[in-house]
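Below is one structure, written out as structure tokens, with a few remarks after it.
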Amino acid sequence: MQLTRAITAVTLLAFTAACRESATETQTPADALTRDVAVVSGDAAYEDVGVIYAQIGTFGVPAGDVGRATGWTGPCPYDAGTGRFTCPGQTREGRTVSRSYAFQDATGTPQSAYDGATTASANFRSSMAGSVERDGWSATMSHERDMTQSGLAGAETSHTINGTGSSVESRSRHTDGGVRTYRMSSVATFTNVVVPFPRARGAWPLSGTITRSVTAAREGAVGSVTHQRMATTTFNGTRFASMTVGDRTFTLDLATGRVVREP
């Protein structure tokens, strides 16, 4: 299941109330779009972080549930032909999840089990699809990720994640301050996202970025109009990551997925 074949994927939604502006404020269509893209992209980044931390369960350390994700624990049978572990599908809270992973040593040779001394990297592929309805926002979506964690061999204190992702929302309806309906799709790039290992309670990504190129087709009485936005989330080791969408700056709460626009 390669991400380059198609955009199919998930963005599960967070509460939009924290990103609202007063209904009495003048808001241009461009401002509304930027805010809506920020909410969608912030929620996706919130889920990305949960998935990254859930994956450490394959390394034999406690992962626990982080955000919406569940730990990557067995039984996930190993296929010597593909060099991957393929996990059974799961359905949780109306969302269907599929995933697989692979271990490699420093030479790129597949391994049939994780070895703390010799496993150098791990690749994780996952997809999730479902419908969500939350405060001021409803959507049907799918989401896919392909991430590689490196820096695993030996007594490491952090892992570095690089990879790609994609998502499609077949219908994203925003009702705060009016009704706005979109079809949204995005392509994400994970660039040198560094996370502490093992994860202590309250620890967050230390550095790195997740960049999303978002295409939004807004539906209206005269048809749809397509817009482009770039959303970049930058991690700093705290619970609150910075996110820029166009020329606007927002703060993303990694514990809740809520997005707040900076003054």
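Within the range 238-255, which residues are surrounded by fewer than 22 Cβ atoms within 10 Å (Cβ to Cβ), among the small types (Gly, Ala, Ser) and at pLDDT 95 or above?
242
Identify, from the list 195, 259, 168, the residue that is touching a Pro at 6+ places or on another chain (Cβ under 6 Å), under 24 Å from residue 95 (Cβ atoms) and in contact (Cβ under 8 Å) with a residue 12 or more places away in the chain.
Going through 195, 259, 168 in turn, just one is touching a Pro at 6+ places or on another chain (Cβ under 6 Å), under 24 Å from residue 95 (Cβ atoms) and in contact (Cβ under 8 Å) with a residue 12 or more places away in the chain: 195.
Mind listing whichever residues of the range 73-128 are charged (D, E, K, R) and either assigned to a strand (DSSP E or B) or touching a Leu at 6+ places or on another chain (Cβ under 7 Å) (or both)?
Scanning the range 73-128 gives 79, 84, 92, 95, 99, 125.
Taking the stated definitions as given, is residue 48 modelled with pLDDT of 65 or more, over 17 Å from residue 137 (Cα atoms), acidic (Asp, Glu) and out of contact with any Leu (no Cβ under 7 Å at 6 or more places or on another chain)?
So residue 48 fits the description; yes.
Among the residues of the range 177-186, is there at least one that is surrounded by 14 or more Cβ atoms within 10 Å (Cβ to Cβ), of a type in the set (A, V, I, L, M, F, W, C) and within 24 Å of residue 31 (Cβ to Cβ)? Even if it seems obvious, please write down each step before you answer.
So in the range 177-186, the residues surrounded by 14 or more Cβ atoms within 10 Å (Cβ to Cβ) come out as 177, 180-186.
This time we only want the ones that are of a type in the set (A, V, I, L, M, F, W, C), so: 184.
Now restrict to residues that are within 24 Å of residue 31 (Cβ to Cβ): 184.
Yes, the range 177-186 contains at least one residue that is surrounded by 14 or more Cβ atoms within 10 Å (Cβ to Cβ), of a type in the set (A, V, I, L, M, F, W, C) and within 24 Å of residue 31 (Cβ to Cβ).
Do any residues in the range 126-137 that are closer than 10 Å to residue 94 by Cα and hydrophobic (A, V, I, L, M, F, W, C) have Cβ atoms under 8 Å from those of residues that are surrounded by fewer than 22 Cβ atoms within 10 Å (Cβ to Cβ) and modelled with pLDDT under 70, where the two are at least six apart or on different chains, and which pairs are they?
Qualifying pairs under 8 Å: 129/8.
Is there a residue being under 29 Å from residue 56 (Cα atoms), under 14 Å from the mean Cα position of the chain (by Cα) and of a type in the set (Lys, Arg) anywhere in the range 204-224?
Checking the range 204-224: at least one residue is under 29 Å from residue 56 (Cα atoms), under 14 Å from the mean Cα position of the chain (by Cα) and of a type in the set (Lys, Arg).
Based on what the data block shows, is residue 235 more than 15 Å from the chain's Cα centre (by Cα), crowded, with 17+ Cβ neighbours inside 10 Å and over 17 Å from residue 31 (Cβ atoms)?
Taking the combined requirement at face value, the residue does not satisfy it.
Applying the selection to the range 152-170, what residues are touching a His at 6+ places or on another chain (Cβ under 6 Å) and at positive phi? Don't jump to the end; show me each part of the working.
Within the range 152-170, the subset touching a His at 6+ places or on another chain (Cβ under 6 Å) is 167.
Scanning the range 152-170 gives no hits.
Each row is one residue, and each column tells you yes or no for (1) surrounded by fewer than 22 Cβ atoms within 10 Å (Cβ to Cβ); (2) at pLDDT 95 or above; (3) aromatic (Phe, Trp, Tyr); (4) in a strand (DSSP E or B).
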{"residue": "156", "(1), (2), (3), (4)": "yes, no, no, no"}
{"residue": "166", "(1), (2), (3), (4)": "no, yes, no, yes"}
{"residue": "170", "(1), (2), (3), (4)": "yes, no, no, yes"}
{"residue": "188", "(1), (2), (3), (4)": "no, yes, no, yes"}
{"residue": "209", "(1), (2), (3), (4)": "yes, yes, no, yes"}
{"residue": "218", "(1), (2), (3), (4)": "yes, no, no, yes"}
{"residue": "229", "(1), (2), (3), (4)": "no, yes, no, yes"}
{"residue": "257", "(1), (2), (3), (4)": "no, no, no, no"}
{"residue": "263", "(1), (2), (3), (4)": "yes, no, no, no"}
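Would you please list the contacts, defined by Cβ atoms under 8 Å and residues six or more apart or on different chains, that run from a residue in the range 227-239 that is farther than 17 Å from residue 214 by Cβ and touching a residue at least 24 places away in the same chain (Cβ under 8 Å) to a residue that is part of a loop (DSSP other than H, G, I, E, B) and of a type outside the set (A, V, I, L, M, F, W, C)?
Every condition considered, the pairs that remain are 235/205; 237/205; 239/202.
The values are calculated or read from the model by the stated rules, or taken from the named source; none is laboratory data. This one's a predicted model, so the numbers in the text were calculated from it and none came from an experiment. Note: ideal-geometry Cβ built from the backbone for every residue, glycine included; neighbour counts use all protein chains shown.
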